[in-house]
Amino acid sequence: MRDKTFIIAEAGVNHNGESSLAFKLVDIAKESGADAVKFQLFCSENLVTKYAVKADYQLKDKESNTQLEMLKKLELSKKNYQDLKNYCKKKKIEFMCTAFDKVNLNFLVDKLNVKTLKIGSGEITNGPLLMAHAKKNQDLILSTGMSNLTEVKEALSVIAYGYLNLNIKINNPTLENFKNAYVSSLGQNILKKKVTLLHCTTEYPAPTCDLNLKAISTMRDYFGLKVGYSDHSKGVHASIAAVYLGAKVIEKHFTLDKTLNGPDHKASLEPNELKDLIAKIRTLEKMNNNEKLKFINSINDFDQMLGNGIKKLMNSETKNIEIARRYLVAKNDIFIGEKFTGKNLTCKRSKQGFSPMLYWNFLGKLAKKNYLKDDIIQ
């Protein structure tokens, strides 16, 4: 991206479904000195089933009982995103957005001309969506919360295969196809050119003891890719420490007001805190090595933030993994003996089931029972 740290101010859904608040968040990101402001684009019915429960941190939102009800209130219209993109251009800050399904991904790239795509931690096993992102041939930023090195490698294998087969209709690729794409020189070269990984702890807020910032260098050494940090901890110190440890990208949630109702506000920075974070990162970048060391040693919890560097599911993430990841479900009613196809099989957040990485294995096979829409494939 560039020599200096690329800082993404993550607005996410902190607009609470109000377009006027979304525009205010763009202003805050710009005034704070962020390089980009990022939103999230989803259709709730395509993201979660009616059975999906809320994570503990989402339970603080008392106005909805399920993930579906909560997320429905946080949607903006496509017109809103078009206007936000234009406003960001006017304000001279990069507009970024995470798409949670292929339709909205197409909208971001084909209509809004978004050049860098961000994939959230919950999608790291969502093979079909990873493939769809790669086949857009844009730069990708992949968050890796709740995952280990094997899962990250499997995700990168799907992405490498997608990049290498841009103009080929993909029917039933195998895990072996993905592995071969990953280990090939062409696959490695395209990943190094196109993909940035973000270390992350998927808890809101993430406890200091589970930040495991040494995993930044673990992933950099293991994959040979650019690595950054998506920070869900309280305050600004973890992001600053991550930059010291070599993070090339920092993503941090921010809000107008932490007391607003919604799932992410309490774990976000307020405007003055976001400005402070960015100012401190820019100061750190200009320091010599001795000055950097002195600055970092002034952070009380720095040693605790480091962890052991083993990239793995952290204790605080355990309760979120089944809620944030997707599983194979019926896109619509499926009758016994009917073939699984792309028209009746999809991936949504639900109760635990088959990983979306097995999506292509199911295509063409016959259903052994009847399924109603949103039922887990068994």
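The values are calculated or read from the model by the stated rules, or taken from the named source; none is laboratory data. Keep in mind that this is a model prediction, so the values were computed, not measured. So basically every Cβ, Gly included, is an ideal-geometry build from the backbone, and we count neighbours across all protein chains shown. Accessible surface is based on the protein model in full, side chains and every heavy atom, while ligands, DNA and RNA are left aside. Shrake-Rupley method; radii C 1.70, N 1.55, O 1.52, S 1.80 Å.
Decide, for the range 266-317, between rounded, prolate and oblate: order the square roots of the alpha carbon gyration tensor eigenvalues as a ≥ b ≥ c, take rounded if a/c falls under 1.5, and otherwise choose prolate if a/b is larger than b/c, else oblate. Note, shape of the range 266-317 comes out oblate. Among the listed pairs LYS115/LYS194; LYS50/LYS319; LYS38/LYS294; LYS153/LYS194, those whose Cα-Cα separation exceeds 22 Å are LYS38/LYS294.
Charge dipole of the chain (Cα centre as origin; +1 on each Lys and Arg Cβ, -1 on each Asp and Glu Cβ, all else neutral): 1040 debye, rounded to the nearest 20. Among the listed values [x] 24, 43, 24, 7, 2, 0; [y] 31, 62, 8; [z] 29, 60, 11, 0, the one computed from these coordinates for P(r) over Cα pairs in 20 Å bins from 0, in percent is [z]. Only helices enter this figure: runs of n ≥ 4 DSSP H residues, each worth -39500 (n - 2.57), summed and divided by the residues of the chain, yield -11000 deg cm²/dmol at 222 nm to the nearest 500.
Here the spin labels are modelled as points 7 Å beyond Cα on the Cα-Cβ line, and at LYS339 and LYS50 they lie 3.0 nm apart. Legend: P(r) of the range 120-255 from all alpha carbon pair distances, 10 Å bins from 0, whole percents, reading 12, 44, 30, 13, 2.
What does DSSP give for the range 230-378 in terms of the percent of beta bridges that are antiparallel, rounded to the nearest 5?
DSSP beta bridges in the range 230-378 are roughly 75 percent antiparallel.
Using a probe of 1.4 angstrom and keeping all protein chains present, the accessible surface of the range 179-243 works out to 35 square angstrom per residue.
Maximal additional length on extending the LYS351-LYS153 stretch stands at 68.8 nm, based on 0.36 nm per residue less the C-alpha distance. The heavy atoms of LYS365 offer some 120 square angstrom of accessible surface to a 1.4 angstrom probe. If you plug the beta carbon distance of LEU358 and GLN304 into 1/(1 + (r/R0)^6) with R0 = 51 Å, you get a FRET efficiency near 0.85.
Mind checking the range 279-344 for GluC sites (Glu not before Pro) that DSSP puts in a loop (not H, G, I, E or B) and that have at most 16 other Cβ atoms within 10 Å?
Working: sites: GLU285, GLU291, GLU317, GLU322, GLU338; in loops: GLU338.
Answer by residue number: GLU338.
Let me test this: with uniform point scatterers at the alpha carbons of the range 226-378, what is the Debye-based log₁₀ I(q)/I(0) at q = 0.12, 0.14, 0.18 1/Å? Reported log10 I(q)/I(0), two decimals: -0.72, -0.82, -1.03.
With a simple spin-label model that places each label point 7 Å from the Cα along the Cα-to-Cβ direction, the separation between SER217 and THR318 comes to 2.9 nm. Computed with a 1.4 Å probe on the full set of protein chains, the accessible area for LYS275 sits at about 120 Å². Taking the empirical scaling 2.2 N^0.38 Å for compact globular proteins as reference, the range 294-342 has a Cα radius of gyration ratio of 2.26.
Among ASP210, ASP3, ASP303, the sequence by solvent-accessible area, most first, with a 1.4 Å probe is ASP3, ASP303, ASP210.
Leaving out ligands, DNA and RNA, what percent of the accessible area of the range 264-378 is carbon and sulfur, probe 1.4 Å? Carbon-and-sulfur percentage of accessible area, whole number: 52. With the cut-off at 20 Å, tell me which of the pairs LYS78/LYS351; LYS30/LYS292; LYS24/LYS79; LYS234/LYS292; LYS78/LYS226 have Cα atoms farther apart than that. From the list (LYS78/LYS351; LYS30/LYS292; LYS24/LYS79; LYS234/LYS292; LYS78/LYS226), the Cα-Cα distance tops 20 Å for LYS78/LYS351; LYS30/LYS292; LYS234/LYS292; LYS78/LYS226.
Between LYS252, LYS79, LYS234, the residue with the greatest mean-square fluctuation in the GNM of the chain (Cα pairs under 10 Å linked by springs) is LYS79. Report the residues of the range 191-231 in range of a label on SER185: point 7 Å along Cα→C-beta, backbone N strictly under 17 Å from it. Under cut-off, by backbone N: 191-193. Placing +1 on the Cβ of each Lys and Arg and -1 on the Cβ of each Asp and Glu in the chain, which of ILE376, SER268, LEU130 has its Cα farthest towards the positive end of the resulting dipole? Of the candidates, LEU130 comes out farthest on the positive side. Modelled this way, with points 7 Å down the Cα-to-C-beta line, the labels at GLU285 and GLN138 are 2.3 nm from one another. If only the Cβ of Lys and Arg carry +1 and only the Cβ of Asp and Glu carry -1, the dipole of the range 131-184 around its Cα centre is close to 180 debye.
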